[in-house]
Amino acid sequence: MLTEYNVEGGDFTRAGYASSQIKKTLKNLNISPEIIKRVVVALYEAEVNIVAHAFKGVISADISNSGIKLVLEDEGPGIPDIDMAMTKGYSTASSRVREMGFGAGMGLPNIKDNADRFNIVSRVGEGTRVTIEIDFAG
């Protein structure tokens, strides 16, 4: 089952829409609450990163019997130093984003901690592609 969601940069009123829809789908599929929590945390963090940092993006969710593969592609400034961005507490969020309670620098580390497989590719001035895979069985 493949679904796609469009995400607009700066639209914090809809931040989390894709993760809430996927949560409902996984509940309907009787996926364990522990797995659902991991998926929702990872996806929400990635979704908010698009809203906070990019102009726009697309989230693709491919749900199979064995797991879920999430691919988030955005058009934005890109990440100049991925290793630094993976450091807990490091953030390039604007003061406006921080004032709304986002941008604490935990997004990418939280995604990695909740994913079974995680990959990030970024081109400065073009955008970022994040791939998150979570297995339904250990």
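Listed values, structure above:
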| quantity | calculated |
| --- | --- |
| Near pairs, Cβ below 6 angstrom, 6+ apart or cross-chain, from segment 51-79 (closer than 20 Å to PHE12 by Cβ) to any residue that is hydroxyl-bearing (Ser, Thr, Tyr) and modelled with pLDDT of 95 or more | ILE59/TYR5; ASP74/THR128 |
| In segment 86-115, the residues that are assigned to a loop (DSSP other than H, G, I, E, B), at negative phi and over 14 Å from the mean Cα position of the chain (by Cα) | THR87, LYS88, TYR90, SER91, THR92, ALA93, SER94, MET100, ALA104 |
| When residues of segment 53-72 are limited to those that are surrounded by fewer than 18 Cβ atoms within 10 Å (Cβ to Cβ) and of a type outside the set (Gly, Ala, Ser), the one nearest to ARG129 (Cα to Cα) | VAL71 |
| Selection status of TYR44, in a helix (DSSP H, G or I), among the aromatic types (Phe, Trp, Tyr) and closer than 26 Å to GLY105 by Cβ | yes |
| Matching entry among THR13, THR25 (being β-branched (Val, Ile, Thr), part of a helix (DSSP H, G or I) and farther than 16 Å from GLU133 by Cα) | THR25 |
| Residue count for segment 16-42, restricted to those that are in contact (Cβ under 8 Å) with a residue 60 or more places away in the chain and under 13 Å from the mean Cα position of the chain (by Cα) | 4 |
| Exclusive hit being surrounded by 17 or more Cβ atoms within 10 Å (Cβ to Cβ), out of contact with any helix residue (DSSP H, G or I) (no Cβ under 6 Å at 6 or more places or on another chain) and of a type outside the set (Asp, Glu), set ILE36, ILE82, ILE50 | ILE50 |
| Those residues of segment 116-138 which are touching a strand residue (DSSP E or B) at 6+ places or on another chain (Cβ under 6 Å), hydrophobic (A, V, I, L, M, F, W, C) and outside any strand (DSSP E or B), in sequence order | PHE136 |
| Filter result (hydroxyl-bearing (Ser, Thr, Tyr), more than 14 Å from ASN49 (Cα to Cα) and at pLDDT below 90) within segment 77-133 | SER95 |
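Condition check ((1) over 25 Å from SER64 (Cα atoms); (2) in contact (Cβ under 8 Å) with a residue 60 or more places away in the chain; (3) not hydrophobic (A, V, I, L, M, F, W, C)) across all residues:
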{"residue": "GLY101", "(1), (2), (3)": "yes, no, yes"}
{"residue": "GLY105", "(1), (2), (3)": "yes, no, yes"}
{"residue": "ALA115", "(1), (2), (3)": "no, yes, no"}
{"residue": "VAL121", "(1), (2), (3)": "no, no, no"}
{"residue": "ARG129", "(1), (2), (3)": "no, no, yes"}
{"residue": "ILE134", "(1), (2), (3)": "no, yes, no"}
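The values are calculated or read from the model by the stated rules, or taken from the named source; none is laboratory data. Values in this document were obtained by computation on a predicted structure and should not be read as measured data. Using ideal geometry, Cβ is built from the backbone for each residue, glycine included, and neighbour counts are taken over all protein chains shown.
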